[in-house]
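One structure, as structure tokens, below. Some questions next.
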Amino acid sequence: MALINRIKTISLVILVISSVILTGVLWYSTPSYDDQNIAYIPAPYIAKDNYVQKTLYQLTAPPFLISHEKGKHLMITQQQNKLFSNSIHDLYQIKMEGFELITPTTENWNLLFQQANGLEFSFLQDLPVEQLDAFFFHLLKNEPLFQNLNSISRVWFFENPSTKKSHIWFISDQEGKVIQANTNFTKNEWSKNIEQINKTPNLVKLDAVATNGKQPWDKANQNLPFSRILYVPSQSMPGTQYTYTKQNISIDSIKEWLFQGDAIEPIDLSKNESVFMDNNQILTFYKQQSYMVYVDNARTDGSAANNVATEIDVINTKFISKHHGWTGNYVLDKLSPQDNSRLYTFRLINQALPVYWEGDNTKNPQLDTIQLQAGTSYAVSKYIRSLNYLSKKPIKQIPYALPTKEAIWSELAKKRIPITSVKRIIPIYQAKNISKNQVQLTPCWKVEQENGEWIQIGGVQ
């Protein structure tokens, strides 16, 4: 019996020692509590060297301003950074009141073109009223006069030299209507603005040309509907052709941001097309064309959309800024109704001019545009973009002047395009690949016609 008790004691001692050893092994081999609760670390920003931070009014600002100073017309681009940014900042927050529909007389037009100091917004195309709402503090679409107006062609701020009061005109060339409002822009602010314009070098002087050949400020045209106005330089406009290296965004970086670090493996549908899926999120990657299409069906509830300003602000601050998605200086180009919501197209502004990719890029997105659709819960329901972007600095630049007014008219005549059918003429950069890793930007004139088609004049034919 004593032997059996001794064996039990020895066995118990062995079990206790084994338990102590096993506990020690587990203690030292198990990760600490802190190690087990490491927060998700976001992926690196997708644009390491070319992110441009934007505010709402900067995203929705016009690409150009036209200064009017007692008959002298000058183009202000974003290249004149201080002048442009200061002017835009002053104008977006102005107060407006006393809206009225007016029928401009030749005296009114003469005041604007020949006598008053003013600033005119020059857009990439006619805008719906709700797109302007994203820039101004004042919600224009709530004003009764704007509710039956389909589009705005020009916005013109000016100071009446007789009364020293400031006004704003919303001009619809398409519908032949002008809505006027009073503003709180003061005489001192106009003086400061004009002084700054006069101190800014290299502003391009423009001629104002009526497309119907009848200047609206001419008394002989008193009872005629006012014409669209084209702004073209009387002399050759200096420019530069730039060559950039093409940077690439990793699809893995995009995937990390969109799926919040979840380990999603691609489904290869073909050699060119891969799909990442997680519940309602679908990211499609087109390898050869280097672009992506992201859709989040859970973010589209089919309800009425928010106002444009709110949607763009959410897109900018709650989504794009999180991963540094503005790979360059983008501004709002247009909005398109889609799925009971809106698809926003943002266009690249580079070296002060809007960039348009050569040829048809409606099927394969290029680096000149980024498209986004707002969704619910501070996210987006659609995100379409190229995975290429331009290097921060060009690797080559050569002088490249744009054609004069006479050269533009001559080219239109050759193509049998009457000036009466022209809607807008603006300077742009046309972009194209010149090698696998290089993009060339060539300055030219974009001529938009009334039928929606456009041609380029100058640059590479």
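The values are calculated or read from the model by the stated rules, or taken from the named source; none is laboratory data. Worth saying up front: this structure is predicted, and the values here are computed from it rather than measured. Reconstructed Cβ throughout: ideal geometry from the backbone, glycine too, with neighbour counts over all protein chains shown. These accessible areas exclude ligands, DNA and RNA; they are computed on the full protein's heavy atoms, side chains included. Shrake-Rupley method; radii C 1.70, N 1.55, O 1.52, S 1.80 Å.
Which one of A181, N433, L56 has its Cα pushed farthest toward the positive end of the charge dipole of the chain, where Lys and Arg give +1 and Asp and Glu give -1 at the Cβ?
Toward the positive end, the furthest listed residue is N433.
Let me know the charge dipole size of the chain about its Cα centre in debye, to the nearest 20, where only the beta-carbon of Lys, Arg (+1) and Asp, Glu (-1) is charged.
Dipole of the chain, to the nearest 20 debye: 1060 debye.
Return a whole-number percent for the relative contact order of the chain, with Cα pairs under 8 Å and 6 or more residues apart as the contact set.
Relative contact order of the chain: 16 percent.
Provide the solvent-accessible area of I434, counting protein heavy atoms only and rolling a 1.4 Å probe, rounded to the nearest 10 Å².
80
What is the sum of charges around L402, taking Lys and Arg as +1, Asp and Glu as -1, for the other residues whose C-beta is under 13 Å from the C-beta of L402?
Neighbourhood net charge equals 0.
Exactly which GluC sites (Glu not before Pro) in the stretch 167-255 are in a DSSP loop and have at most 15 other Cβ atoms within 10 Å?
Here the GluC sites (Glu not before Pro) that fit, given the DSSP loop and packing criteria, are E175.
Could you grab the relative contact order for the stretch 327-461? Cα pairs under 8 Å, six or more apart, rounded to a whole percent.
With pairs under 8 Å counted, the relative contact order is 18 percent.
What net charge is computed for the residues neighbouring T442, neighbours being all others with C-beta under 11 Å from the C-beta of T442, Lys and Arg scored +1, Asp and Glu -1?
Taking every Cβ under 11 Å from that of T442, the sum is 0.
Would you calculate the separation in nanometres between label points at T317 and T103, each defined as 7 Å from the Cα along the Cα-to-beta-carbon direction?
4.5
Per DSSP H run of n ≥ 4, the term is -39500 (n - 2.57); total these for the chain, divide by its residue number, and report the mean residue ellipticity at 222 nm rounded to 500 deg cm²/dmol.
Helix contribution divided over all residues of the chain: -6000 deg cm²/dmol.
Take every Cα pair under 8 Å in the stretch 105-170 that's 6+ residues apart, average their separations, divide by the length, and report that relative contact order as a whole percent.
Computed value for the stretch 105-170: 36 percent relative contact order.
Using only Cα atoms, locate the centre of the stretch 319-341 and the centre of the stretch 394-461, then give the distance between them in Å, rounded to an integer.
25
Give, to the nearest whole percent, the P(r) tail of the stretch 134-192 beyond 13 angstrom, counting all Cα pairs.
Everything past 13 Å amounts to 66 percent.
Let me ask something additional. When the chain is fully extended, how far beyond the present Cα-Cα distance does L145 get from Q235, taking 0.36 nm per residue of separation?
Length gained between L145 and Q235: 28.4 nm.
Moving to a separate point now. So I have (1) 58, 26, 20; (2) 44, 23, 21; (3) 31, 30, 23, and one of them is semi-axes √(5λ) of the Cα gyration tensor in Å calculated from this model. Which one is it?
Given (1) 58, 26, 20; (2) 44, 23, 21; (3) 31, 30, 23, the structure-derived one carries the label (1).
Still on this model: Would you please give the residues with an amide H less than 5 Å from that of N117, counting only those at least 5 places away or on a separate chain, with H modeled from the backbone geometry?
Those lying under 5 Å, H to H, from N117 are K70, E159.
State the answer as a single residue: which of T404, H323, P365 lies farthest towards the positive end of the charge dipole of the chain, with beta carbon charges of +1 for Lys and Arg and -1 for Asp and Glu, about the Cα centre.
Of T404, H323, P365, it is T404.
Next up: In square angstrom, rounded to the nearest 10, how much accessible surface does E130 have for a 1.4 Å probe?
Near enough 60 Å² of accessible area.
So which helices of the chain fit the span-like rule, where a helix is a whole DSSP H run, its Cα atoms reach 15 Å or more along the axis, and its mean Kyte-Doolittle is at least -1.0?
Counting only whole DSSP H runs, the qualifying helices are 2-29, 81-92.
Using protein chains only and a probe of 1.4 angstrom, how many square angstrom of H89 are accessible, to the nearest 10?
Accessible area, nearest 10 Å²: 70 Å².
Here's a follow-up. On a full-extension model of 0.36 nm per residue, what is the gain between L269 and K393, subtracting their alpha-carbon distance, rounded to one decimal in nm?
Computed gain between L269 and K393 is 41.0 nm.
How far apart, in nm, are two points set 7 Å out from the Cα along the Cα-to-Cβ line at D207 and at N248?
4.9
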